[in-house]
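The values are calculated or read from the model by the stated rules, or taken from the named source; none is laboratory data. This one's a predicted model, so the numbers in the text were calculated from it and none came from an experiment. FYI the Cβ positions are ideal-geometry reconstructions off the backbone, even for glycines, and counts take in every protein chain you see. The protein model used for the area step is the full one, side chains on, heavy atoms only, and it has no ligands, DNA or RNA in it. Shrake-Rupley method; radii C 1.70, N 1.55, O 1.52, S 1.80 Å.
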Amino acid sequence: MKTLRFAALAFSACLLSTGAVDAADETDAPTLGKIERLDPKLDAIVPPDARIERVAEGFDWSEGTVWDAAGSRLLFSDTNKNSVFQYQKGKGTSLFLKPSGYTGNDPRAGEPGSNGLTFDHQGRLVLCQHGDRRIARLEKDGGFATIADRYDGKRFNSPNDGVFKSNGDYYFTDPPYGLVKLNDDPAKEIPFSGVYRVKPDGSTTLLTKELTFPNGIAFSPDEKTLYVANSDFKRATWTAFPVKDDGTIGEGRLFADVTSKVGPANKGLPDGLKVDVNGNLFATGPGGVYIFAPDGKHLGTLNTGEATGNVAFGEDGSVLYIASDMYIGRVRLATRGPIPGARKN
């Protein structure tokens, strides 16, 4: 079946049968996993009475969570379904965008959809598109505008996650997860997995190729540190890179290493991450969401019991939404995080 060419055709309000639960209206909303507290300092970040609420379910692989302040809704990718869904309190879950990451006509396997989502400083949705192997912006007419799709004349592997710096530069990771055969895919043109910067004029700079599977990416509040997750079974880590005055990065230092935790008892790998206003990291990894202090101390874990792909601060910034395999979870915080995009309309 041919994929719809223009995204506008999929801006529908047709509700899905996802088993969505509106936890804001139902006090008996089911719990997703448990909260593990390793340090008393966690209470100032996640209240002692907090729990992970399960607000939606029924997805193949949920990812790319971002809060849309203008629409008062959570947007998130399903990489396998080539779709972006929206969750709204009191309304449940519905389709927002399809296709989201692959606009070709030929059927393809793997993870063709969008992954990381964010908003630029004009409030426009920017997507990491696996299938089309590019960074794209959703336009008002429902089509996509390419921000970047090549480095040194070669197509990207499959852009995974990205973040905007305050000056408008966009930083993103490019592992091979959107390629059907990953690193062995014959369509792979770049022989490494890089971390890149794209400036507003479209010029692209390779920042580092030292990570085997770079994934989640986020800045510290002062933008002097760039955190990048590495989703490698053999080296499941987060690296902190100093950001230079010209926007490039210096030599990275190991921020945290959870390779020893990887295994059947703890599903998942380092993936998406976000940083709150105080510099605490909410980083998905084996078993759920790891919460790190700025100095790297592990304070606790939001243990979802599932492989967890990404997180996003939502509502007024004091709610953390969690993409955890087939589920979307939510936990109320005692801290706040930034909402991407100035949303100038």
Problem - DSSP-assigned coil residues among chymotrypsin sites (Phe, Trp or Tyr not before Pro) in the stretch 219-284, each with at most 15 further Cβ atoms within 10 Å - result: Phe233
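Between Asn278 and Lys209, what FRET efficiency follows from the Cβ-Cβ distance if R0 is 30 Å, with the result rounded to 0.05? Please list the in-between numbers first.
Numbers: r = 31 Å, r/R0 = 1.05.
With R0 = 30 Å, the Cβ-Cβ based efficiency is 0.45.
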Exercise for the section: Please work out the Cα center distance from the stretch 56-89 to the stretch 284-318, rounded to the nearest Å. Expected result: 18 Å
Problem - Carbon plus sulfur fraction of accessible area for the chain, probe 1.4 Å, in percent - result: 49 percent
Practice task
Mind checking the per residue accessible area of the chain for me, 1.4 Å probe, whole number of Å²?
Solution key: 41 Å²
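FRET efficiency for Asp152 and Asp184, Cβ-Cβ distance as r, R0 = 35 Å, nearest 0.05?
Values: r = 21 Å, r/R0 = 0.61.
Result of the calculation: an efficiency of 0.95.
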Handout entry: Normalised contact order of the chain, rounded percent, pairs of Cα under 8 Å and 6 or more residues apart
Key = 18 percent
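Just how large is the dipole of the chain about the Cα centre, in debye to the nearest 20, putting +1 at every Lys and Arg Cβ and -1 at every Asp and Glu Cβ?
Numbers: 41 positive and 44 negative charges, 91 e Å.
Result for the chain is approximately 440 debye, rounded to the nearest 20.
Once you order the gyration tensor axes a ≥ b ≥ c over the Cα atoms, which shape class does the stretch 74-139 get: rounded for a/c under 1.5, otherwise prolate or oblate by comparing a/b with b/c?
Details: a/c = 2.39, a/b = 1.28, b/c = 1.87.
Here the stretch 74-139 falls in the oblate category.
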Exercise for the section: Find, among the trypsin sites (Lys or Arg not before Pro) in the stretch 204-238, those assigned to loop by DSSP (not H, G, I, E, B) with at most 16 other beta-carbon atoms within 10 angstrom. Expected result: Lys209, Lys224, Lys234
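Ratio to report: Rg/Rh of the stretch 201-260, with Cα atoms as the point set and Rh obtained by the Kirkwood method; give two decimals.
On the way: Rg = 12.1 Å, Rh = 12.2 Å.
Here Rg/Rh amounts to 0.99.
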Completion exercise
Length gained if Asp222 through Ala44 is fully extended, taking 0.36 nm per residue and subtracting the Cα-Cα distance, is 62.0 nm
